[in-house]
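Heads up, the thing below is written out as structure tokens.
The values are calculated or read from the model by the stated rules, or taken from the named source; none is laboratory data. The structure displayed is predicted, hence computed values, not measured ones. Note: ideal-geometry Cβ built from the backbone for every residue, glycine included; neighbour counts use all protein chains shown.
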Amino acid sequence: MTPAQYKAKYTNLKVKKKNGTIETVRVSRYVLNHSTVNTAAMEAFRSKYFSRGVDTGLGILTGGGEVKMSKALTRSEDRFRHAGLPGLKISIEKDDGQKSVITRNDVDWGGMAVYSFLGKGAPEHCQVVLQLAEHWGLAANGLQAYADSALGLDCNGFVGNYG
């Protein structure tokens, strides 16, 4: 995948909404040195996360298809675990219906979500944040408006996720 193709994953981000439809969202705001971080949106998200956890099933859309994340994988003790860099300890396997599912939860999902506000999140992280923001009522003006005000990308976040 070329850098331009990877960048297109942010600017044409497919997000599965709670009604099952897919919305294309553009994450294109440049975040620089925390000076342009929407701290209020980030803290509102973190507050919901720490009080509720991932309390709904999620569908993360990847090049290989949809990966489902069960809310059962985010027990309260998992919410407060710090497991290192996001994404490194997820086990994805096929269930009996031949769908990809996350079967082990060693990821600090709250920490991972913060990366999307700081310009460091991967496209899949942004999908999780947008789905949860919709579920929790944080995206009252729609997913695109939420992404425009709250999410972003910076150069080392892009390079780090691309590499």
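The residue that is nearest to LYS68 (Cα to Cα), among those in the stretch 1-38 that are hydroxyl-bearing (Ser, Thr, Tyr) and either surrounded by 15 or more Cβ atoms within 10 Å (Cβ to Cβ) or touching a residue at least 24 places away in the same chain (Cβ under 8 Å) (or both), is TYR10.
Only one of the numbered conditions (1) under 22 Å from VAL67 (Cα atoms); (2) of a type in the set (Gly, Ala, Ser); (3) touching a residue at least 40 places away in the same chain (Cβ under 8 Å) is not met by GLY163, and that is (3).
Table: residues versus (1) among the acidic types (Asp, Glu); (2) at pLDDT below 85; (3) touching a strand residue (DSSP E or B) at 6+ places or on another chain (Cβ under 9 Å); (4) over 16 Å from LEU130 (Cα atoms).
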{"position": "LEU32", "(1), (2), (3), (4)": "no, yes, no, yes"}
{"position": "ASN38", "(1), (2), (3), (4)": "no, no, no, no"}
{"position": "GLU43", "(1), (2), (3), (4)": "yes, no, no, no"}
{"position": "TYR49", "(1), (2), (3), (4)": "no, no, no, no"}
{"position": "GLY53", "(1), (2), (3), (4)": "no, yes, no, no"}
{"position": "GLY59", "(1), (2), (3), (4)": "no, no, yes, no"}
{"position": "SER76", "(1), (2), (3), (4)": "no, yes, no, yes"}
{"position": "ARG79", "(1), (2), (3), (4)": "no, yes, no, yes"}
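Residues in the stretch 148-163 that are surrounded by fewer than 23 Cβ atoms within 10 Å (Cβ to Cβ) and under 17 Å from ALA44 (Cα atoms): ASP148, SER149. Residue count for the stretch 114-147 satisfying the condition of being buried (at least 20 other Cβ atoms within 10 Å of the Cβ) and without any contact (Cβ under 8 Å) to a residue 12 or more places away in the chain: 1.
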